[in-house]
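Here is the structure we will look at.
The values are calculated or read from the model by the stated rules, or taken from the named source; none is laboratory data. In this text the structure is predicted, and so the values were computed from the model without any measurement. Cβ atoms come from the backbone with ideal geometry, glycine included; neighbour counts cover every protein chain shown. Protein only, heavy atoms only, side chains kept; ligands, DNA and RNA dropped before computing areas. Shrake-Rupley method; radii C 1.70, N 1.55, O 1.52, S 1.80 Å.
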Amino acid sequence: MDAIEGARDGTEGELQANSITRYHVTKFYREQITDKTYSEQLRHIVEPSFEEFESPGNLDTSGEHDNTVVPGFQHKYPQTGLLLVTDRCASYCRYCFRKRIVGKNSDEVATDFARISKYIRGHPEITNVLLSGGDPFMLSTAKLEKILDSMLPIPHLNSIRFGTKMVAYEPKRFEDPALLPLFQRINDAGKAAVIVTHFDHIGEISVDAERNIRSLGAQGVQFLNQSVLLRRINDSPEILAATFAKCHQMGVHPYYLFQGRPVKGASHFQVSLRRGLEIAHGINQRLSGIQKTFKYIMSHYTGKIEILDLGTDGRMYMRYHQNKTPEKIGKIFSRLYAEGACWLDDLPEG
């Protein structure tokens, strides 16, 4: 602030409102970083370096632009639609250098729920929607209720999902007494209310987060977890096995370990596919029974790909998990492995 206007006092609110730092960490998460054994690893999740800020990457490689069929809505896979309801997050995860609302700058996009509802009604194969974008729980509960006004009357939707990191970053959000009636409204409409948490590290699972999850779970809210594999943060089978085991203990089902998707010009967080497989195998060795239910998944603009193993023939074997072409789903394919590869397009075809 001194460099801009000369000496003066600047409040935290002013700094956040003017995006001086271009990211912020909630007070609660700051306490988690300070108090936890994993302080250095947690800090890397939410505190990008200055070099990372200068990265030219701001568009990811997921093909989201091509999947945007209505402003604020992506039909990425036959059964799933993504509602991009906000571009705001409680804190910006280190690996998320991309436009959150694709196709236009975020302040130019207005989600058109009437058009979205009409589109979904015309596509009976869509059985679930995921509220995403930034973090849907940054919106007021009243705004979330209005979104449900458009979604709940659609007969072929069987679940409403909320993708959120707020359970870790801002657990007090889930103490809102108006949230329980919102989830009950989803259940009363004959649909499942699902929260997809994003615990990447066991150090993010606080006492408050566990209490909220157990309380909502007792009321019929279902919980899934997906973790992103991040270099210098959780690239350890011990940490991830402990994270998944803790999730199971709370009633949260881990279902994806994501190979970090490359962002153009910013691949600082990625782990090689070979190392990722070693980590995935190491997690399984440390878990037992039903805990071994997660899939090691690579996000790709053609769809999600499950990474199976590196064969003795030097080829990486994979299976189409989700795809724009339904006939491909479940099909196994392989590519010649290239040392250091972190993504499908790093592997040579043929």
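Quick look at the values:
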quantity: Top-ranked residue of region 148-171 - restricted to ones that are farther than 17 Å from V221 by Cβ and in a helix (DSSP H, G or I), ranked as nearest to the chain's Cα centre (by Cα); calculated: Y169
quantity: Complete set of residues in region 116-173 that are touching a Cys at 6+ places or on another chain (Cβ under 9 Å), crowded, with 22+ Cβ neighbours inside 10 Å and not small (G, A, S); calculated: D135, K165, M166, Y169
quantity: Residues that are over 12 Å from Y255 (Cβ atoms) and under 20 Å from the mean Cα position of the chain (by Cα), drawn from region 288-309; calculated: M298, S299, H300, Y301, T302, G303, I305, I307
quantity: Answer from G282, G276 - the residue that is modelled with pLDDT of 95 or more, open to solvent by less than 50 Å² (accessible area, probe 1.4 Å) and over 20 Å from the mean Cα position of the chain (by Cα); calculated: G282
quantity: Selection count where residues are more than 26 Å from L229 (Cβ to Cβ) and touching a Phe, Trp or Tyr at 6+ places or on another chain (Cβ under 9 Å), scope region 177-210; calculated: 2
quantity: Residue within region 333-349 that is outside any loop (DSSP other than H, G, I, E, B), within 18 Å of the chain's Cα centre (by Cα) and not charged (D, E, K, R) present; calculated: no
quantity: Residue match in region 178-197 (condition: over 30 Å from I33 (Cβ atoms), assigned to a strand (DSSP E or B) and more than 12 Å from the chain's Cα centre (by Cα)); calculated: yes
quantity: Condition check for T86: over 30 Å from F269 (Cα atoms), modelled with pLDDT under 85 and out of contact with any His (no Cβ under 9 Å at 6 or more places or on another chain); calculated: no
quantity: Test: residue in region 296-308 that is in a helix (DSSP H, G or I) and buried (at least 22 other Cβ atoms within 10 Å of the Cβ); calculated: no
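One line per residue, one yes/no per condition, for (1) free of Cβ contacts under 8 Å to residues at least 24 places away in the same chain; (2) among the basic types (K, R); (3) open to solvent by less than 10 Å² (accessible area, probe 1.4 Å):
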| site | (1), (2), (3) |
| --- | --- |
| Q222 | no, no, no |
| Q226 | no, no, no |
| I233 | no, no, yes |
| A242 | no, no, no |
| Q249 | yes, no, no |
| Y255 | no, no, no |
| F258 | no, no, no |
